[in-house]
Amino acid sequence: MLALLGGLHTLTFAAPANTVPSYAPMLSQYFDEADANNPELKQANFNLEAEQAKLQSLRSRYYPSLALSARYSVSEGGRTIDFPAGDLLNPVYQTLNAQAAAMGQPARFPSVQNQSIPLLRPTEQDTRLTLKGPIYSAELNAQVDSQQAFVQAQEAARQNYREELHRDLETAFWQTAQAKAQVEVLQVSLKTLQENERVNEVLYKAGAVTLDAPKRAQAERLDLQVQLQQAQTRLALAREYFNLLRNAPAQAPIETPDTTRMRSLLPDIVQELTPKGTATTPSPALQQVLSSKDALDAQTRAAQAAYTPTLGYAIEGGYQGPNYNTGPHTGFATASVVLNWPLFDGGTRASDVAQAKSRAQAVQAQAELLTRRLQLTRTQARDRLQVALDSIGARQAQQDAAEESLRINTRKRDAGASTQVEFLSAEQAATRARLGLIDALYQAHIEHAQWQYANRDLPDLTPPMPNGDAQ
């Protein structure tokens, strides 16, 4: 029995070491797997690529565009231009011919028919190259600025999700390790209760104890089995959630810390996890909102730029005619400078400007609210981490006292100087103390992961106190 209890103590918190074990390489490997395989992070990457492509599309509008167009038409009927050439010329020609006949000369002027000229040629082709582009467009400049800010917002959104993924992955990692350690403690405790039940059965058969002793031992063992099943369920759920985050099979193995090294390293672990001040890195969640605000400000400028004229150029050259012959008078070339200035639109542009301003003001309010919430989250995360670190010392003292009490009661029970109730009470207290220290130790790591995510450099948006409230 004493050897079994000693093994429990060694299993839980033994193996001295002079340095805190580093789990960064282990976590870094899992982070890399999540970055490569997590579907939602992939979606964020694709969204960023789409916004970058849209920005490139807008920037390409600064460059000239060259287009080839060709048209070949076959027509019949349609409008005509009627020219009464016969009605105008034939009377004159007849008079002149009559005078020539009187003079003994032959008629020299023919009879002319009225002419009907079709507007549509029977066949026609038009082949041209068109080169055009902008010279000045304030609206396009603002649209590019807006899309560039949207790209920055999408980059911040992707980075925010990536950091949230790492936070959740690290939290699930420590929860899995915590549940695994709990299962190990309960399994060892179950062996102790099974041995205690066997001893009481022997004592009862020998007439040394009454029937209530083995019954009580059996009840305690069954109750612990239920706790073990619950701990195993928590372990399975924690493992499955962890594998979900890194997009691995649900039952994929997870390498977790060795709990046996924790006992002698508790002071160093507490020192390592103690918060060291405010970080200098900004919050990507806040950066996303601020970049969205910049994008909406640029959209406001784009809506206002719709009042200004745009200036562009167009150069065209090609061939046209009834066929594809390239003889004289078939080619053409034109160069134009185009000014476009909308003068009246019934208030459409004014509505666009007002809408863009309202959206920008709404996002500004969102940024202020988010900043206050992030400040509160940072404070709460720091406080929770400090409480978790403080509880480690108390749990350690409780576990030391419970282990000593269990060792004493085990000796007394084996010597027949302790009651069954005293031994079971000591064993329950020892199990609770072991679980309590495990919970405190791993909860500190969990809170540290939360603190790392929340510990960001945030602007101070605290409103000034009214003069009447100042003390």
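The values are calculated or read from the model by the stated rules, or taken from the named source; none is laboratory data. In this text, all values refer to a predicted model and were calculated from it rather than measured experimentally. Ideal geometry is used to build each Cβ from the backbone, glycine not excepted, and the neighbour counts take in all protein chains shown. With ligands, DNA and RNA removed, areas are computed over all heavy atoms of the protein, side chains included. Shrake-Rupley method; radii C 1.70, N 1.55, O 1.52, S 1.80 Å.
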*Among the lysines, which fall within straight-line cross-link reach of Lys54, defined as a Cα-Cα distance under 19 Å, with same-chain neighbours fewer than 8 residues apart omitted?*
Lys42, Lys293
*Measure out, as a whole number of angstrom, how far apart the alpha-carbon centroids of region 430-447 and region 54-89 sit.*
82 Å
*Given region 291-409 reduced to its alpha-carbon atoms as identical point scatterers, what log10 I(q)/I(0) does the Debye formula return at q = 0.09, 0.19 Å⁻¹?*
-0.65, -1.05
*Would you mind giving the three semi-axes, in whole Å and largest first, of the ellipsoid equivalent to region 404-448 according to its Cα gyration tensor?*
31, 8, 4
*Quick one: accessible area per residue over region 291-406, 1.4 Å probe, rounded to a whole number of Å²?*
60 Å²
_Scaled radius of gyration (Cα, divided by 2.2 N^0.38 Å) that region 49-106 gives_ = 3.13
_Cα point-scatterer Debye curve for the chain, base-10 log of I(q)/I(0) at q = 0.07, 0.12, 0.13, 0.14 Å⁻¹_ = -0.68, -1.14, -1.22, -1.30
*Once the whole set of protein chains is in place, how much accessible area is left on Leu55, using a 1.4 Å probe, in Å² to the nearest 10?*
20 Å²
*Starting from the Cα of Lys215, draw a straight line to each of the lysines and keep only those under 16 Å, dropping any in the same chain fewer than 8 residues away.*
Lys205
_Can you report the principal axis dimensions of region 112-154 using only the alpha carbons, biggest first, rounded to whole angstrom?_
78, 19, 15
*Globularity ratio of region 163-277, using Cα Rg and 2.2 N^0.38 Å*: 1.49
*Can you give the alpha-carbon Rg of region 76-181 over 2.2 N^0.38 Å, where N counts its residues?*
3.33
*Magnitude of the charge dipole, the chain, Cβ model with Lys/Arg +1 and Asp/Glu -1, debye to 20*: 240 debye
*asked:* Accessible area per residue for region 68-129 in Å², computed with a 1.4 Å probe and the full protein assembly in place, what is it?
replied: 79 Å²
_Beyond 17 Å, how much of the Cα-Cα pair distribution for region 230-310 remains, as a whole percent?_
75 percent
*Return the carbon/sulfur percentage of the accessible area of region 66-159, one whole number, probe 1.4 Å, all protein chains in place.*
56 percent
_Percent accessible area from carbon and sulfur atoms, region 333-419, protein chains only, probe 1.4 Å_ = 55 percent
*Rounded to two decimals, what ratio of Rg to Rh does region 343-382 give with C-alpha atoms and a Kirkwood Rh?*
1.42
*Ordering Leu286, Leu374, Leu131, Leu237 from largest to smallest accessible area (1.4 angstrom probe), what's the sequence?*
Leu237, Leu131, Leu374, Leu286
_Cα centroid of region 120-180 to Cα centroid of region 236-254, whole Å_ = 32 Å
